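The values are calculated or read from the model by the stated rules, or taken from the named source; none is laboratory data. Computed from a predicted structure; not experimentally measured. Backbone-built Cβ (ideal geometry, glycine too); neighbour counts: all protein chains shown.
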Amino acid sequence: MRRAILLTVLAICCAAAAHAADSGLEYRLKVSDGVPFAFDHAEEQYFSPLPFMTAVDFESVRAHKSDNPNTPGDWEIELTHTAIGRAKFRAVADADRSREFCLVFHGTLYQCDAFPPVMKGVYDKGLTIYGGLTPAMATKLAGEMSQEIRRAHGQ
């Protein structure tokens with residue numbers, strides 16, 4: 001059953017990827033051999049050749065000041081998935097929750113995370129980018145991502 005769901009989701013993802021081949025905003029799975037990407041500060045890592053979510057699967061993005069007391073003054077970016085994006089995310093996560101996925105925006109890795117446990121399904125609604133962002137950096141990046149999302153939705 002899980003395999004059938006995963007194959008259906010991957011078919012949808014691949015069709016969406018072909019349709020929005022250069023979405024600019026995407027989630028990719030980490031794999032042992034695939035498309036290489038690297039953070040500025042880390043060794044090269046490999047990712048699935050096709051994203052499992054693209055800009056059309058995101059609903060919105062916003063920059064805001066972090067409410068984490070351990071990061072005073074930092075800003076973060078919050079991405080929200082569409083209903084279809086949430087379904088794709090859940091299906092890919094349910095196929096194997098031990099994998100990691102990464103947010104890639106215009107060929108740059110911004111963050112990698114493990115899929116959340118099943119009981120924490122609330123986390124499939126979106127992703128928050130952390131990491132010492134200034135207000136200017138967060139606002140600029142969120143604006144660029146928002147443009148990609150609007151373009152993907154034909155706006």
Worksheet item: Out of the residues in the stretch 140-155 that are of a type in the set (A, V, I, L, M) and out of contact with any helix residue (DSSP H, G or I) (no Cβ under 9 Å at 6 or more places or on another chain), which is surrounded by the most Cβ atoms within 10 Å (Cβ to Cβ)?
Response: Ala142
Worksheet item: Can you find a residue in the stretch 49-58 that is under 21 Å from Ile149 (Cβ atoms) and free of Cβ contacts under 8 Å to residues at least 40 places away in the same chain?
Response: yes
Item to complete: Test Tyr130 against the stated conditions and say whether it is closer than 29 Å to Glu43 by Cα, among the aromatic types (Phe, Trp, Tyr), without any contact (Cβ under 8 Å) to a residue 60 or more places away in the chain and outside any helix (DSSP H, G or I).
Response: no
Worksheet item: From the list Ala17, Ala11, Ala4, which one is modelled with pLDDT under 50 and touching a Pro at 6+ places or on another chain (Cβ under 9 Å)?
Response: Ala17
